[in-house]
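What follows is a single structure, written as structure tokens, with notes after it.
The values are calculated or read from the model by the stated rules, or taken from the named source; none is laboratory data. These figures come from a predicted structure and were not determined experimentally. All Cβ positions, glycine included, derive from the backbone under ideal geometry; neighbour counts span all protein chains shown.
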């Protein structure tokens with residue numbers, strides 16, 4: 001089907017213009033000298049300077065980073081376990097409930113997840129702060145990790161694991177030496193997904209954080225409610241830049257890995 | 001033994017931090033507001049039986065009496081529905097063109113669709129504030145090319161909310177449709193054309209039905225989160241934009257009426273159960289079809 005009609009070309013072009021122009025405008029106007037975000041008054045990087053000397057933003061960024069690293073790491077461990085149980089666990093009591101609890105948070109409105117966790121934390125008397133945000137983020141992102149990892153586990157050739165077990169490996173050794181290296185790309189992308197979800201979350205963090213912990217999205221939220229600000233444009237540009245670099249690096253990395261795997265395969269075929 | 005631990009750890013975590021919280025919400029939705037901490041009564045300290053006997057459906061009765069809530073639920077359904085249709089109209093042609101693009105472009109096109117998804121949701125919504133405002137870029141552009149004489153009011157209306165939802169959820173629509181179209185066997189369309197179908201008719205009779213699962217999955221992935229959306233209506237919508245996520249947030253943080261906020265959440269959950277179950281059935285059917 002490699003025939004792009006003019007209609008195809010137009011819909012792709014307009015679609016990508018729609019997706020990218022808003023972000024492009026944001027990036028361009030973060031270098032605007034004027035405080036008025038819609039009037040261009042010459043190139044300047046002063047908003048970046050102001051952003052970096054704003055302690056409230058830096059504190060919030062630090063809280064966000066800590067929460068994201070801790071919660072995505074725990075979520076990756078729990079999510080991988082959950083995926084393994086779902087794909088390989090066979091039948092056990094309450095399996096349907098378990099898979100329901102894995103899939104439901106993916107589509108649950110954030111206001112409900114946030115509200116219910118807050119009411120739980122109040123109910124058990126847990127002080128709200130970094131810990132409660134970490135618990136909340138771990139809970140919803142482990143479900144995303146589990147979906148990503150289980151989609152890899154489903155396509156995984158089980159006889160490799162069985163061969164390791166036949167050759168005398170313990171179940172744990174078989175997992176560590178055979179299964180984990182094969183599902184590693186999915187585990188890593190699960191971690192990245194959990195990390196970005198945590199960095200990005202506003203609603204659940206607003207419900208579950210206390211006065212001692214303000215995350216970056218909460219800080220951004222309180223200032224964008226008052227309208228467009230050049231400092232937020234500068235911050236957005238930094239975040240967009242980091243994500244773009246990350247995604248491009250990851251896609252180049254996976255392309256190299258795929259090429260290497262293909263070369264290895266060909267070498268193995270020749271050796272036979 | 002080891003298997004039991006493997007199952008128990010994620011299981012208990014989800015029970016404690018996903019399922020039990022819903023039970024708490026349900027219980028509080030049956031409680032009364034109190035001037036204390038926590039701001040509702042009764043609590044478990046009053047003894048389990050005393051607590052159970054004091055619970056009632058008063059908050060739910062209140063929700064039916066005040067038409068703000070009905071209007072908010074209905075208008076959320078309407079906004080989510082219209083936005084889903086608009087997202088489909090924008091997303092399908094893109095997914096279709098991507099599936100027809102030369103093989104070597106597809107990975108790049110796919111990455112271009114996924115990249116915004118990794119970028120902060122809040123920032124992507126915020127980008128539209130500067131575009132849609134009275135002296136924003138859209139109005140400046142339209143005035144400059146001479147389509148309009150006076151700036152349009154778009155920000156703080158439902159139109160801005162539609163634009164915001166279509167913009168932020170577009171990747172969720174494109175990806176499942178693309179993956180359905182990508183698997184589609186091109187010879188089926190050639191066969192339809194050989195048998196005398198026009199291209200449009202072949203598209204309508206072959207391509208659309210065969211990408212049905214992708215369309216359904218994409219629509220649910222947009223509709224379900226859009227229904228409870230809070231950030232988009234708060235930032236782009238106006239005072240007239242009623243969406244239940246926003247009502248719940250304000251009920252909780254501004255009015256501090258926790259029991260009513262909980263009752264609002266319980267009803268939203270009941271409304272959502274239908275599309276969620278339909279969505280899971282669709283996914284299951286697709287998974288079975290692949291095996």
TODO: Could you tell me whether segment A:104-113 includes any residue that is farther than 30 Å from residue A:209 by Cα and not in a helix (DSSP H, G or I)?
DONE: no
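Condition test on residue A:236, is it within 30 Å of residue A:41 (Cβ to Cβ) and touching a helix residue (DSSP H, G or I) at 6+ places or on another chain (Cβ under 6 Å)?
yes
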Open item on the list: residue B:132 - would you say it is over 22 Å from residue B:241 (Cα atoms) and more than 7 Å from every other protein chain (Cβ to nearest Cβ)?
Closed with: no
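Can we say residue B:206 is touching a strand residue (DSSP E or B) at 6+ places or on another chain (Cβ under 8 Å) and either surrounded by 23 or more Cβ atoms within 10 Å (Cβ to Cβ) or free of Cβ contacts under 8 Å to residues at least 24 places away in the same chain (or both)?
no
Table: residues versus (1) out of contact with any helix residue (DSSP H, G or I) (no Cβ under 7 Å at 6 or more places or on another chain); (2) at pLDDT below 95; (3) under 30 Å from residue B:243 (Cα atoms).
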position	(1), (2), (3)
B:148	no, yes, no
B:151	no, yes, yes
B:157	yes, yes, yes
B:161	no, no, yes
B:166	no, no, yes
B:170	no, no, yes
B:181	no, yes, no
B:189	no, yes, no
B:195	yes, yes, no
- [ ] Identify the single condition in (1) under 23 Å from residue B:126 (Cα atoms); (2) within 12 Å of chain B (Cβ to nearest Cβ); (3) not in a loop (DSSP other than H, G, I, E, B) that residue A:175 does not satisfy, given that it satisfies every other one.
- [x] (1)
Task: Checking residue A:78 against (1) facing another protein chain (nearest Cβ under 9 Å); (2) in contact (Cβ under 8 Å) with a residue 12 or more places away in the chain; (3) exposed (fewer than 14 other Cβ atoms within 10 Å of the Cβ), the condition it does not meet - done: (3)
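For segment A:118-133, name all the residues that are part of a helix (DSSP H, G or I) and free of Cβ contacts under 8 Å to residues at least 24 places away in the same chain. Break it down stepwise before answering.
Step one: list which residues in segment A:118-133 are part of a helix (DSSP H, G or I), which gives A:118-124, A:130-133.
Answer for segment A:118-133, where residues must be part of a helix (DSSP H, G or I) and free of Cβ contacts under 8 Å to residues at least 24 places away in the same chain: A:119, A:120, A:122, A:123, A:124, A:131.
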Task: Given (1) in contact with a helix residue (DSSP H, G or I) (Cβ under 9 Å, 6 or more places away or on another chain); (2) at the interface with another protein chain (Cβ under 10 Å from one of its Cβ atoms), index of the condition residue B:8 fails - done: (1)
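Counting only residues that are free of Cβ contacts under 8 Å to residues at least 60 places away in the same chain and within 11 Å of another protein chain (Cβ to nearest Cβ), which one in segment B:252-269 is surrounded by the most Cβ atoms within 10 Å (Cβ to Cβ)? Full working, then the answer.
Start the filter on segment B:252-269 by keeping residues that are free of Cβ contacts under 8 Å to residues at least 60 places away in the same chain, which leaves B:252-255, B:261.
Subset that is within 11 Å of another protein chain (Cβ to nearest Cβ): B:252-253, B:261.
Values: B:252: 23, B:253: 11, B:261: 25.
By that ranking, first place goes to B:261.
Just to be sure before I move on: is residue A:43 over 17 Å from residue B:136 (Cα atoms), facing chain B (nearest Cβ under 7 Å) and either surrounded by fewer than 19 Cβ atoms within 10 Å (Cβ to Cβ) or out of contact with any helix residue (DSSP H, G or I) (no Cβ under 9 Å at 6 or more places or on another chain) (or both) in the structure I sent? Break it down into steps so the answer makes sense when it comes.
Details: over 17 Å from residue B:136 (Cα atoms): yes; facing chain B (nearest Cβ under 7 Å): no; either surrounded by fewer than 19 Cβ atoms within 10 Å (Cβ to Cβ) or out of contact with any helix residue (DSSP H, G or I) (no Cβ under 9 Å at 6 or more places or on another chain) (or both): yes.
So residue A:43 fails the test.
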TODO: Can you confirm whether segment A:134-156 contains a residue that is at the interface with chain B (Cβ under 10 Å from one of its Cβ atoms), in contact (Cβ under 8 Å) with a residue 40 or more places away in the chain and surrounded by fewer than 16 Cβ atoms within 10 Å (Cβ to Cβ)?
DONE: yes
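Please specify each residue of segment A:89-99 satisfying the condition of being surrounded by fewer than 16 Cβ atoms within 10 Å (Cβ to Cβ) and part of a helix (DSSP H, G or I).
Initial filter on segment A:89-99 (surrounded by fewer than 16 Cβ atoms within 10 Å (Cβ to Cβ)): A:90-97.
If the condition is that a residue be surrounded by fewer than 16 Cβ atoms within 10 Å (Cβ to Cβ) and part of a helix (DSSP H, G or I), then A:95, A:96, A:97 are the ones that fit.
Rundown of residues vs (1) in a helix (DSSP H, G or I); (2) assigned by TED's automatic domain parsing to the domain that holds residue B:121; (3) within 28 Å of residue A:209 (Cα to Cα), yes/no style:
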| position | (1), (2), (3) |
| --- | --- |
| B:209 | yes, yes, no |
| B:215 | yes, yes, no |
| B:220 | yes, yes, no |
| B:234 | yes, yes, yes |
| B:241 | no, yes, yes |
| B:250 | yes, yes, yes |
| B:261 | yes, yes, yes |
TODO: Those residues that are over 30 Å from residue B:113 (Cα atoms) and assigned to a helix (DSSP H, G or I), I need them from segment A:19-56; list them, please.
DONE: A:46, A:49, A:50, A:52, A:55, A:56
Task: Subset of segment B:139-186 (residues that are free of Cβ contacts under 8 Å to residues at least 24 places away in the same chain and within 10 Å of chain A (Cβ to nearest Cβ)) - done: B:139, B:140, B:185, B:186
Open item on the list: I need a count of the residues in segment B:103-114 that are facing another protein chain (nearest Cβ under 7 Å) and either modelled with pLDDT of 90 or more or crowded, with 20+ Cβ neighbours inside 10 Å (or both).
Closed with: 1
TODO: Please give the number of the condition residue A:98 fails out of (1) more than 12 Å from chain B (Cβ to nearest Cβ); (2) closer than 28 Å to residue A:153 by Cβ.
DONE: (1)
- [ ] Give segment A:212-232 a look and list any residue that's more than 15 Å from residue A:63 (Cβ to Cβ) and within 8 Å of another protein chain (Cβ to nearest Cβ), or say none.
- [x] A:224, A:225, A:227, A:228, A:232
Task: Set B:17, B:55: member being more than 7 Å from chain A (Cβ to nearest Cβ), within 22 Å of residue B:265 (Cβ to Cβ), modelled with pLDDT of 70 or more and out of contact with any strand residue (DSSP E or B) (no Cβ under 6 Å at 6 or more places or on another chain) - done: B:55
